[in-house]
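Enquirer: The structure's right below; bear with me while I get my questions together.
Please treat every number below as a calculation from the coordinates, not as lab data. Predicted model, so just to flag it, every value in this text is computed and none were measured.
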Amino acid sequence: MARVTVEDCVLKVPNRFDLVLLAGQRARDISAGAPLTIDRDNDKNPVVSLREIADETVSLDALEAALIQGLQKHVEIDEPEEDEFDSMAGEIAAEMGEAMQSAELDEDVLTIHEGSEEMEEDAEGGAEDDLAGGLDEEESEI
């Protein structure tokens, strides 16, 4: 690599290790198809990235953020905090679900109750017939 380029970059990024990481990230971005901010002049991607850092044509903060994101194994997703409206909406939905379930149960109970009344009527009519039939048989035996 051109020694002049590295010396120019050290003025912008004092830590050489950070410089290597940032230049490597920019070189990967260029390989992935990111647009160049300076003329290539027949240089390879690492040299172009160092020249871009030295000329301050790329944002070091953006490179650092891309580098950190690329190295992360587990990315935390910020979930929005539940506000008062969401909690009230959840409570209303729960109450409506309970009311609907209660209404369904009331319909089932009503259906069962109507069915039991019919069964009682059938049972009473059958019992009277049995009693009348049973008396007639006893009277005939006598």
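Enquirer: If Rh is defined by the Kirkwood formula over all Cα pairs and Rg also comes from Cα, what ratio Rg/Rh do you get for segment 3-71?
Expert: So for segment 3-71, dividing Rg by the Kirkwood Rh gives 0.92.
Enquirer: Quick check: residue separation of Gln72 and Ala94 times 0.36 nm, minus the Cα distance between them. What number comes out in nm?
Expert: 4.0 nm
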